[in-house]
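Student: I'd like to ask you about the structure that follows.
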Amino acid sequence: MTSPTVRDLPELRKSRGAYFTPPAIAEFLAAWAIDHSPVATVLDPTCGEAVFLAAAGRQLVSAGTAPAVLDRQVFGVDLHQASLEAAMGTLEAEGLDARLEAGDFFSFPTPNQVGCTLPAMDAVIGNPPFVRYQQHIGEARKRSAAAALAQGVRLSGLASSWAALLVHACGFLKPEGRLAIVLPAELLTVHYAEPVRRWLRERFAAVHLVLFERLQFEEALEKVVLVTAQGSGGCEAFSLYQVESAQDLGKLRPFDHFNVTPAAEGKWTELLLPVRSRQLFKGVTSEHFSSLGDYGAPELGTVTGANDYFALSEETRLAFSLDRNQVARISPPGTKHLQGLSFTRHQWERLRESGEPVWMLQPPLDDATPELLSYLAHGERLGVPDGYKCQMRTPWWRPPLVSPPDLFFTYMSHRYPRLVTNSARASFVNSMHGVRLRPGTPDEASVALPLLALNSVTLLGAEIFGRSYGGGVLKMEPREAALLPVPRPDSLRAAWRQLKPERAGLDRQLQAGRWAAVSRRVDEVLLSEGLGLDASDVTSLRAAATSLRARRLGAG
Ligand SMILES: C[S@@+](CC[C@H](N)C(=O)[O-])C[C@H]1O[C@@H](n2cnc3c(N)ncnc32)[C@H](O)[C@@H]1O
């Protein structure tokens with residue numbers, strides 16, 4: 001592969017998603033796609049400097065294709081003219097050839113559309129550009145979304161550029177054609193890729209994934225997955241291969257894979273786990289765990305429509321002489337103040353004294369006191385009643401209060417989602433979820449769950465069931481939070497008996513940020529001593545949670 005031209009600045013390369021593929025990966029994918037056929041037609045829709053096209057040319061020639069006809073079988077498109085010049089240089093230096101087209105690949109109609117200038121392909125290979133939605137904008141985005149929609153895949157505005165490119169490129173494949181492509185590993189995890197995951201299952205007769213243990217694109221800092229797929233008509237299961245690095249691709253053998261049945265809906269994060277950890281997680285959760293939803297359905301907090309106005313500090317309450325019966329006690333918006341295992345009345349009072357918004361406006365419906373009217377006039381001056389949520393409710397000034405739950409659940413997290421006992425019996429706004437324990441759950445559940453949920457199985461479950469958002473944030477909607485595996489009541493009781501005397505100390509450690517040490521202690525008591533898991537199994541579960549967390553945070 002030749003090096004990028006001198007004038008091709010790093011920022012320009014980044015803006016068009018130009019990260020170049022290690023030759024060992026291109027070789028492997030081209031060989032699989034061409035499958036020894038001397039007559040195969042091959043397309044790289046974003047060919048850059050031709051690492052894939054050269055690999056394809058070599059495969060074809062070794063299968064018996066005459067170099068003179070390569071420009072009728074090998075096709076490359078790229079919008080960067082200088083890359084195409086470098087590409088031609090690469091090919092010619094090896095006595096190879098290809099038909100290269102300069103232009104935006106989305107402006108190339110597929111063979112079943114009017115004006116197509118490229119033939120239907122036996123193979124599509126390559127490494128599409130990875131440009132995140134914030135940069136993938138304007139006309140380019142519109143064209144790409146329309147191209148994907150023409151293939152039946154509706155992408156959201158949050159999709160990165162690779163998603164539409166993949167789908168449009170496959171519009172060039174013959175029904176029995178072969179796809180062999182490098183994609184960001186976020187294909188498996190991010191929410192916006194859900195339509196692509198569904199399409200992969202429904203479009204191809206067989207799909208194989210190759211995952212790497214190590215980062216393969218230093219420059220892009222993005223983990224990748226190789227996707228090879230063939231035929232049409234849909235498939236039930238995928239085959240999954242895991243290798244250390246590109247150097248190990250040559251050692252892959254047929255039948256060396258694991259079959260995985262990816263979820264019809266939601267993410268496929270668990271495919272990122274080594275098979276042993278995945279099986280272990282499934283076994284342990286089905287035998288010893290129930291789900292948070294069995295204890296109580298996670299629910300949304302109050303959506304006020306304007307927290308700055310509806311959540312009041314003590315100072316504001318007094319300044320407007322609002323009475324205690326005109327406000328309700330809440331945990332202030334945000335979750336920064338919830339560092340420990342519980343939110344106590346004492347903590348709430350401290351927050352009140354330090355000026356935090358610990359009240360929510362909640363006057364009686366027939367309230368017409370001058371104090372309230374004065375606060376409402378203040379809101380009107382701020383334009384609060386014009387907000388969407390306020391316009392949707394009558395009266396606009398009374399947000400629907402959610403009564404105090406037994407536990408809070410922090411649903412946007414960097415490290416892991418946390419359960420917090422609501423000892424303050426405060427209500428809450430939608431910066432977290434609430435969990436109200438069902439009748440019949442053990443009495444100790446509301447105090448025991450926050451500590452016991454720090455075990456490695458629950459932490460791993462959060463990575464598996466949560467959604468990874470931009471910046472590495474893990475988000476769990478109530479429906480996903482309900483799936484979180486937590487110890488069954490009998491194991492919960494037994495582990496709590498042992499940990500209760502240590503609770504205060506562990507809480508202090510947690511507040512000091514030493515959560516990993518706390519988690520180890522919980523693993524010891526709950527998983528090792530309580531459930532009798534082998535030390536090696538506990539280590540595998542912890543390592544699996546750590547690796548998914550690191551992968552998620554790395555993606556941010
Ligand atoms: C990740 S690089 C891959 C290049 C080459 N296939 C490789 O693997 O080394 C992506 C390439 O896509 C090109 N590109 C980006 N958007 C494109 C578009 N809409 N149409 C055609 N090429 C595009 C960039 O110029 C860049 O060369």
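The values are calculated or read from the model by the stated rules, or taken from the named source; none is laboratory data. Values in this document were obtained by computation on a predicted structure and should not be read as measured data. No Cβ is skipped: glycine too gets one built from the backbone with ideal geometry, and neighbour counts run over all protein chains shown.
Student: How about the range 478-520: which helices (runs of 4 or more DSSP H) wholly inside it have at least 2 residues that are over 26 Å from the mean Cα position of the chain (by Cα), surrounded by fewer than 16 Cβ atoms within 10 Å (Cβ to Cβ) and not small (Gly, Ala, Ser)?
Tutor: 489-499, 503-511
Student: Mind counting the residues in the range 141-175 that are among the hydroxyl-bearing types (Ser, Thr, Tyr), within 14 Å of the ligand (Cβ to nearest atom) and not in a helix (DSSP H, G or I)?
Tutor: Adding up the residues that qualify gives 1.
Student: For the subset of the range 131-140 comprising residues that are within 12 Å of the ligand (Cβ to nearest atom), surrounded by fewer than 23 Cβ atoms within 10 Å (Cβ to Cβ) and touching a residue at least 12 places away in the same chain (Cβ under 8 Å), which member is farthest from LEU43 (Cα to Cα)?
Tutor: Step by step, filter the range 131-140, then rank; the result is GLN135.
Student: Every residue in the range 383-405 that is closer than 23 Å to GLY340 by Cα and in contact with a strand residue (DSSP E or B) (Cβ under 6 Å, 6 or more places away or on another chain), please.
Tutor: Correct list: VAL402, PRO404, PRO405.
Student: Does LEU401 count as within 30 Å of the chain's Cα centre (by Cα), aliphatic (A, V, I, L, M) and modelled with pLDDT of 95 or more?
Tutor: Against the criterion (within 30 Å of the chain's Cα centre (by Cα), aliphatic (A, V, I, L, M) and modelled with pLDDT of 95 or more), LEU401 does not qualify.
Student: Right, something else. For LEU249, are the conditions met, namely being in a helix (DSSP H, G or I), within 18 Å of ALA180 (Cα to Cα), in contact (Cβ under 8 Å) with a residue 60 or more places away in the chain and among the hydrophobic types (A, V, I, L, M, F, W, C)?
Tutor: yes
Student: I need the full set of residues from the range 338-365 which are of a type in the set (Val, Ile, Thr) and within 18 Å of SER446 (Cα to Cα), in order please.
Tutor: THR344
Student: Here is a follow-up. Just a yes or no: is a residue in the range 153-172 among the basic types (Lys, Arg), surrounded by 15 or more Cβ atoms within 10 Å (Cβ to Cβ) and farther than 18 Å from LYS14 by Cα? Explain how you work it out, then say what you get.
Tutor: Taking the range 153-172 first, the residues among the basic types (Lys, Arg) are 154.
If we keep only those that are surrounded by 15 or more Cβ atoms within 10 Å (Cβ to Cβ) as well, we get none.
Scanning the range 153-172 turns up no residue that is among the basic types (Lys, Arg), surrounded by 15 or more Cβ atoms within 10 Å (Cβ to Cβ) and farther than 18 Å from LYS14 by Cα.
Student: In the range 110-130, how many residues are crowded, with 17+ Cβ neighbours inside 10 Å and not hydrophobic (A, V, I, L, M, F, W, C)?
Tutor: The total comes to 6.
Student: Restricting to the range 525-556, give me the number of residues that are surrounded by 15 or more Cβ atoms within 10 Å (Cβ to Cβ) and under 20 Å from GLU444 (Cα atoms).
Tutor: Of the residues in that region, 5 qualify.
Student: If we keep just the residues of the range 288-323 that are part of a helix (DSSP H, G or I) and among the polar types (S, T, N, Q), which is farthest from GLY387 (Cα to Cα)?
Tutor: Within the range 288-323, the match that is farthest from GLY387 (Cα to Cα) is THR316.
Student: Within the range 114-130, track down each residue that is closer than 15 Å to HIS168 by Cβ, touching a residue at least 60 places away in the same chain (Cβ under 8 Å) and more than 14 Å from the ligand (Cβ to nearest atom).
Tutor: The answer is ALA120, MET121.
Student: Taking the range 224-246, which residues are under 26 Å from the mean Cα position of the chain (by Cα) and part of a loop (DSSP other than H, G, I, E, B)?
Tutor: Passing the criteria: GLY234, CYS235, GLU236, ALA237, GLU244, SER245.
Student: Sticking with this one: Here are some residues: PHE212, PHE204, PHE255, PHE217. Which one is without any contact (Cβ under 8 Å) to a residue 12 or more places away in the chain and not basic (Lys, Arg)? First the steps, then the outcome.
Tutor: Working: PHE212 fails: without any contact (Cβ under 8 Å) to a residue 12 or more places away in the chain; PHE204 fails: without any contact (Cβ under 8 Å) to a residue 12 or more places away in the chain; PHE217 fails: without any contact (Cβ under 8 Å) to a residue 12 or more places away in the chain.
Just one listed residue meets the conditions, PHE255.
Student: For the range 24-64, which residues satisfy the criterion of being hydroxyl-bearing (Ser, Thr, Tyr) and either touching a residue at least 60 places away in the same chain (Cβ under 8 Å) or at positive phi (or both)?
Tutor: SER37, THR41, THR46
Student: Just wondering, is there one or more residues in the range 363-374 that are in contact with a helix residue (DSSP H, G or I) (Cβ under 6 Å, 6 or more places away or on another chain) and not in a helix (DSSP H, G or I)?
Tutor: Within the range 363-374, one or more residues are in contact with a helix residue (DSSP H, G or I) (Cβ under 6 Å, 6 or more places away or on another chain) and not in a helix (DSSP H, G or I).
Student: Give just the number: which of (1) in contact (Cβ under 8 Å) with a residue 24 or more places away in the chain; (2) not in a helix (DSSP H, G or I) does LYS389 not satisfy?
Tutor: Exception for LYS389: condition (2).
Student: Could you pull out the residue among ARG276, ARG324 that is exposed (fewer than 14 other Cβ atoms within 10 Å of the Cβ) and in contact with a Lys or Arg (Cβ under 9 Å, 6 or more places away or on another chain)?
Tutor: ARG324 is the lone residue from the list that is exposed (fewer than 14 other Cβ atoms within 10 Å of the Cβ) and in contact with a Lys or Arg (Cβ under 9 Å, 6 or more places away or on another chain).
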